[in-house]
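**Student:** Please find one structure pasted underneath; my questions will follow.
Values quoted throughout were computed directly from the atomic coordinates according to the rules given, and no laboratory measurement underlies them. Here the structure is a predicted model, which is why all the values come from computation and not from measurement. Here the Cβ positions follow ideal geometry from the backbone for every residue, glycine too, while neighbour counts run over all protein chains shown.
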Amino acid sequence: MNEYSADKIRNVAIVGHGGAGKTTLVEQMLNAAGVTNRLGSVEQGTTVSDFDQQEIQRKISLNASVIPIEWKGHKINVIDVPGYPDFIGDLYGVARVVEAMIIVAPAQAALEVGFDNAWDIAEKHSLSKIIFINKMERENADYSGAMKVIDERFGVRAVPLVLPVGAQLNFRGVLDLVDKKVHEGGAKDEKISEPPAEMASELEAAASRMMDAAAEGDDDLMMKYLEGERLTEEEVIHGLEVGVASGKVIPVLCGSAATGAGVTLLLDRIVGAIPSPAEKPKVAGEESIVADASAPFLGFVFKTTADPYVGKINYLRVMQGTLTPELAVKNARTGESERMGTLFFPRGKEQVPTTKVIAGDICAVAKLQHTRTGDSLCDAKAMRSLEPIEFPEPIYRIAIVPKTKADEDKLGQAVARIVDEDPTFRHT
């Protein structure tokens, strides 16, 4: 994997209600970027994201999965987050290390609780947002109905960047409002053509709405737009990027994770409209954490897993500085020293070794002795601590009793491992 500076990195979470098609959407992204040469299937248990045996058996995501993708000179750290409320803990952790959430909503349903949960957490952490209306190929898909709900909820902030071409079983692709071209099919067989004449008035109205939103992001663009000049494609992208970063604009795209239609445009908009770690510093109290690779090291652990072969794995984002193997750091919570071992970029169950992770990027490290989810790791000469993750309180209590006296120690170890992996699980 190539090395990327912070301005070329995008950290995004794929979120939404369970069953919205998030994992299949990630499969299409991987295939579009050439990471995979065939699409994995949730039904067949062959997706990159869902590699745990329980996920394969139940056909749902149970754990957040980090999936780095290289796209047009950028690295996109896609994090596929479970949608069911039972596993909401990962959403709280992931929100601390991304700049944006791609909120997936099926075209067949009203906005569900998983959508609302993700939205509320994104708002709390001032994250940028893109809404992706999925499953447009289904016979009960209702794009107009979905947009009506979104408009009623978010008003002028929600700005469509594409229009669907065809409907339901006849859905063919999307009309990009930026380049004014129709994009049909998936990434491997995409066909680009001129828009049909019957969509001219709809295209003009939607493009005008998009131009309004883009112009509001920049004073110079606003003056040009008010003087009657049309904005160039580059100016539109710039204006949208400013609006998305500030939260004034919520791009809305649509497509089909099943067919791949609309996925390449989604990747383009992630790169073009979502702020990089260099452009959107993280806030820690009254302090802004700028993704500066030359600063003293500061990392934040947002997830922990227990691998049966490797042992404990901590997933972290490098907030500042540069992380290398054998770097001696301190845990700001405990004051204990930790020495980094092998660093790797996770991609599902795959581990891509690396010798350097720079500010803004996400990686994993195994066998840290004193570190858990929510901890800050830092240079011993520049001790700093980020706020721990505020996980929700448990809503269900139950007693667990060992079957025999001999099982007491084993039970204690098992419970401790569960708490490491899921901090929403508490024990007394």
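**Student:** What is the chain's relative contact order, in percent, from Cα pairs under 8 angstrom and six or more apart in sequence?
**Tutor:** 16
**Student:** Return the loop-located chymotrypsin sites (Phe, Trp or Tyr not before Pro) in the stretch 328-428 (DSSP other than H, G, I, E, B) with at most 15 other Cβ atoms within 10 Å of their own Cβ; answer none if there are none.
**Tutor:** In loop regions of the stretch 328-428 (DSSP not H, G, I, E or B), the sparsely surrounded chymotrypsin sites (Phe, Trp or Tyr not before Pro) are Tyr396, Phe425.
**Student:** In percent, what relative contact order does the stretch 284-378 have, based on Cα pairs under 8 Å that are 6 or more apart in sequence?
**Tutor:** Value for the stretch 284-378: 36 percent.
**Student:** Give the Cα extents of the chain along the principal axes, in whole Å, largest first.
**Tutor:** 75, 47, 39
**Student:** Shifting gears a bit: So if I take the alpha carbon set of the stretch 336-428, get Rg, then get Rh from the Kirkwood formula, what is the Rg over Rh ratio?
**Tutor:** Reported Rg/Rh (Cα atoms, Kirkwood Rh): 1.04.
**Student:** Using the crude model of +1 on Lys and Arg Cβ and -1 on Asp and Glu Cβ, and no other charge, please compute the dipole size for the chain relative to its Cα centre, in debye to 20.
**Tutor:** Here the size comes out at about 1440 debye.
**Student:** If you take the charge dipole of the stretch 276-316 about its Cα centre, with +1 on Lys and Arg Cβ and -1 on Asp and Glu Cβ, which of Ser288, Ser276, Gly311 is farthest toward its positive end?
**Tutor:** So the residue furthest toward the plus end is Gly311.
**Student:** Something else about it: Cross-link partners among lysines for Lys188, C-alpha distance below 23 Å, same-chain residues fewer than 8 apart left out?
**Tutor:** Output for Lys188: Lys22, Lys72, Lys75, Lys135, Lys180.
**Student:** Once both axes come from the Cα atoms, what is the angle between helix 143-154 and the longest principal axis of the chain, in degrees from 0 to 90, rounded to 10?
**Tutor:** In the chain, helix 143-154 runs at an angle near 70 degrees to the longest axis.
**Student:** Can you give the angle from 0 to 90° between the axis of helix 200-216 and the longest principal axis of the chain, with both taken from C-alpha atoms, to the nearest 10?
**Tutor:** 50
**Student:** DSSP loop trypsin sites (Lys or Arg not before Pro) in the stretch 203-242 with at most 15 other Cβ atoms within 10 Å of their Cβ, which ones?
**Tutor:** Qualifying residues, ordered by number: Arg230.
**Student:** Using only C-alpha atoms and all pairs of different ones, pull out the Kirkwood radius for the stretch 79-221 in Å with one decimal.
**Tutor:** Evaluated over the stretch 79-221, this radius sits at 16.8 Å.
**Student:** May I pose another question? Roughly speaking, what is the stretch gain from Thr355 to Thr232, that is 0.36 nm per residue apart minus the C-alpha to C-alpha distance, in nm to one decimal?
**Tutor:** 40.2 nm
**Student:** A follow-up question, please. I need two numbers for the stretch 1-154: Rg to one decimal and Dmax as a whole number, Cα atoms only, in Å.
**Tutor:** 15.3, 44
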